[in-house]
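Everything on this sheet refers to the single structure shown next.
The values are calculated or read from the model by the stated rules, or taken from the named source; none is laboratory data. All values derive from a computational prediction rather than experimental measurement. For neighbour counting, all protein chains shown are included, and Cβ atoms are generated from backbone atoms with ideal geometry for every residue, glycine included. Side chains are part of the model used for accessible areas, which takes the heavy atoms of the whole protein and leaves out ligands, DNA and RNA. Shrake-Rupley method; radii C 1.70, N 1.55, O 1.52, S 1.80 Å.
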Amino acid sequence: MPTAASLTPPNNDYHFYYLYILFSGSPQLFFKHNKKGVRPPGFKKVRKYKSFTLKQAGYKFLGGNRVKIGNRTYQFWKSREIEGTVKTLTIKRTPLGELFMVVVVDDAIDLLVESTTGKIAGFDFGLKTFLTCSDGTQIESPQFLKQSLKIVANASRHHSRKIKGSSNRERARKNLVRKYEDISNQRRDWFWKLAHELTDKFDVLCFETLNLKGMQRLWGRKISDLAFGEFLQILEWIAKKKNKLVVFIDRWYPSSKTCSHCGHVLESLDLSVREWRCPTCQSVNGRDENAAKNIQAVGASTVGLGDVRQSQTAIAV
């Protein structure tokens, strides 16, 4: 169970990494092939590393929100009390230079929320609609990056116009980083609230396994703005805390091409087609809602809550 805390940074940046002496090349490779033009190993730049992890050694928690790392003592602010046995301690540094301490503990007491609704739902991700639920509910994404593109572009332009190495350029860089952090924080806050809302409403949530790398290549910045992967990580975490179940069905299941009424499968369905009529039962299927219903049916059959024709392999987490 991770616990985050802000750490007061030392006066010298190098104190953050004084525990590590890392080389940019392999000493063994150099001494073995030094006659073949291999460059000697050099020290890696301090700013290249953003975090390091200590495993049950090299640190000691003192009283008064203080921690001793190596021979130095640092003061930190706790976001929550540290309960249980500390397994690892990770120090992270943000692009703004802020330091955070993440503590992973074992044998901590977790309070599970018991709120059984007895409901199961399937969800289909989309580019226009963030989530389409099998009950017909549609959830639109605020697209925080799209809303702030002008602000980010203006900050990026100011940064690029400053002289490299100058204090003005560093000030402009931090301003640009703050803009991106604001967008990330807004998106993450919305994800947490949405995940709590969905887990309060449903006990079993079914999703289709996504090929995020392929979607990123096709649609680029829009996929980054929607951040499906980050939302699923948050949802799985909250579902586990609340004793709910998240089910992923096979990515190759034809959820959009399968009629949710009779099970007929189309040979092909272009992405631009948002609604189609089934040639067998003549029912009209909305692309996203139909896919969500099929995902729900396959997910229900996977966890033993129902039986569905043409069901595919699914993974329950």
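Within the range 62-78, does at least one residue satisfy the condition of being modelled with pLDDT of 70 or more, loosely packed, with under 13 Cβ neighbours inside 10 Å and among the charged types (D, E, K, R)?
Within the range 62-78, one or more residues are modelled with pLDDT of 70 or more, loosely packed, with under 13 Cβ neighbours inside 10 Å and among the charged types (D, E, K, R).
Which one of these is of a type in the set (G, A, S) and under 27 Å from D203 (Cβ atoms): S148, S141, S79? Steps first, answer last, please.
Numbers: S148 fails: under 27 Å from D203 (Cβ atoms); S79 fails: under 27 Å from D203 (Cβ atoms).
Result of the check over S148, S141, S79: S141.
Which count do you get for residues in the range 122-148 that are touching a Phe, Trp or Tyr at 6+ places or on another chain (Cβ under 9 Å) and open to solvent by 80 Å² or more (accessible area, probe 1.4 Å)?
Adding up the residues that qualify gives 2.
Can you name the strands (runs of 3 or more DSSP E) wholly within the range 202-297 that have at least 2 residues being closer than 30 Å to W190 by Cα and either of a type in the set (F, W, Y) or open to solvent by 20 Å² or more (accessible area, probe 1.4 Å) (or both)? If you could, list the steps in order and put the result at the bottom.
Numbers: elements: 204-208, 245-249, 275-277, 284-286.
Once the strands (runs of 3 or more DSSP E) in the range 202-297 are filtered for at least 2 residues that are closer than 30 Å to W190 by Cα and either of a type in the set (F, W, Y) or open to solvent by 20 Å² or more (accessible area, probe 1.4 Å) (or both), what remains is 204-208, 245-249.
Which of (1) free of Cβ contacts under 8 Å to residues at least 24 places away in the same chain; (2) part of a loop (DSSP other than H, G, I, E, B); (3) open to solvent by less than 40 Å² (accessible area, probe 1.4 Å); (4) not hydroxyl-bearing (S, T, Y) is the odd one out, the single condition G165 does not satisfy?
(3)
If you check every pair at least six apart or on different chains, which have Cβ atoms under 6 Å apart with a residue in the range 66-87 that is within 17 Å of V105 (Cα to Cα) first and a residue that is charged (D, E, K, R) second?
So the pair list comes out as G84/D106; G84/D107; T85/D106; T85/D107; K87/D106.
Between a first residue in the range 174-192 that is at negative phi and in contact (Cβ under 8 Å) with a residue 24 or more places away in the chain and a second residue that is in a helix (DSSP H, G or I) and open to solvent by 60 Å² or more (accessible area, probe 1.4 Å), which pairs have beta carbons less than 6 Å apart while being 6 or more apart in sequence or on different chains?
K179/I151
Table: residues versus (1) in a strand (DSSP E or B); (2) farther than 26 Å from F231 by Cβ; (3) at pLDDT below 90.
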{"position": "P41", "(1), (2), (3)": "no, yes, yes"}
{"position": "V86", "(1), (2), (3)": "yes, yes, yes"}
{"position": "A108", "(1), (2), (3)": "no, no, yes"}
{"position": "L145", "(1), (2), (3)": "no, no, no"}
{"position": "N154", "(1), (2), (3)": "no, yes, no"}
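When you go through (1) under 30 Å from L127 (Cα atoms); (2) without any contact (Cβ under 8 Å) to a residue 40 or more places away in the chain; (3) buried (at least 16 other Cβ atoms within 10 Å of the Cβ) one by one for I151, which number turns out not to apply?
(3)
With F16, F52 as the choices, which residue is open to solvent by less than 40 Å² (accessible area, probe 1.4 Å) and at pLDDT below 75?
Working: F52 fails: at pLDDT below 75.
Among F16, F52, only F16 is open to solvent by less than 40 Å² (accessible area, probe 1.4 Å) and at pLDDT below 75.
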